[in-house]
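Everything below concerns the one structure shown next.
The numbers here are math on the coordinates, done by the rules we state, and not lab data. These figures come from a predicted structure and were not determined experimentally. As a convention, Cβ positions derive from the backbone with ideal geometry for all residues, glycine included, and neighbour counts pool all protein chains shown.
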Amino acid sequence: MQKRSIPVCIILSIITCGIYGIYWFVCLTNEANTLANREGDTAGGVAFLLTLITCNIYGIYWAYKMGEKLEQARTNRGMQPGSSSIVYLLLHLFGLGIIGYALMQSDINALIDAQ
């Protein structure tokens with residue numbers, strides 16, 4: 001796990017026409033699984049393929065579950081849980097997934113600092 005610069009990730013996603021965004025999606029998923037001690041959950045690559053195959057229906061579910069995983073990781077570390085599941089879900093529903101990615105990365109960076 002590593003902390004990532006959110007502006008750099010957004011810029012790379014734009015410059016590479018979304019290819020870096022796919023990598024970022026996979027990394028976010030895998031790191032959230034690790035931080036929440038849920039290694040048996042869907043891996044990042046599988047989550048991306050399911051999102052692609054289901055025309056983003058799985059992506060909506062994924063966004064909600066990412067919020068739950070990150071809340072669980074915060075709770076496990078004694079941090080204040082929030083309601084990020086709903087925020088990520090709404091951002092993903094309205095086509096603002098990259099903002100959701102940025103918020104998820106911010107949460108992951110804070111959890112890495114807390115370790």
Quiz prompt | Relative contact order computed over the chain (Cα-Cα under 8 Å; 6+ residues apart), in percent | solution = 29 percent
Quiz prompt | Loop trypsin sites (Lys or Arg not before Pro), region 45-115 (other Cβ atoms within 10 Å of the site Cβ: 13 or fewer; DSSP) | solution = R77
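Restricting attention to region 1-105, which GluC sites (Glu not before Pro) occupy a DSSP loop and are surrounded by at most 13 other Cβ atoms within 10 Å?
Those that pass, being in a loop and sparsely packed, are E39.
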Quiz item: Which one is right for this structure if semi-axes √(5λ) of the Cα gyration tensor in Å is calculated from it: (1) 46, 13, 9; (2) 20, 16, 13; (3) 26, 22, 11?
Solution: (2)
Quiz item: How large is the helix-only mean residue ellipticity at 222 nm for the chain, computed as the sum of -39500 (n - 2.57) over DSSP H runs with n ≥ 4, divided by its residue count, in deg cm²/dmol to the nearest 500?
Solution: -24000 deg cm²/dmol
Quiz item: Among the chymotrypsin sites (Phe, Trp or Tyr not before Pro) within region 24-112, which fall in a DSSP loop and have no more than 15 other Cβ atoms within 10 Å of their own Cβ?
Solution: F94
Quiz item: What spacing in nm lies between the two simple spin-label points modelled at T34 and M1, each 7 Å away from Cα in the Cβ direction?
Solution: 0.8 nm
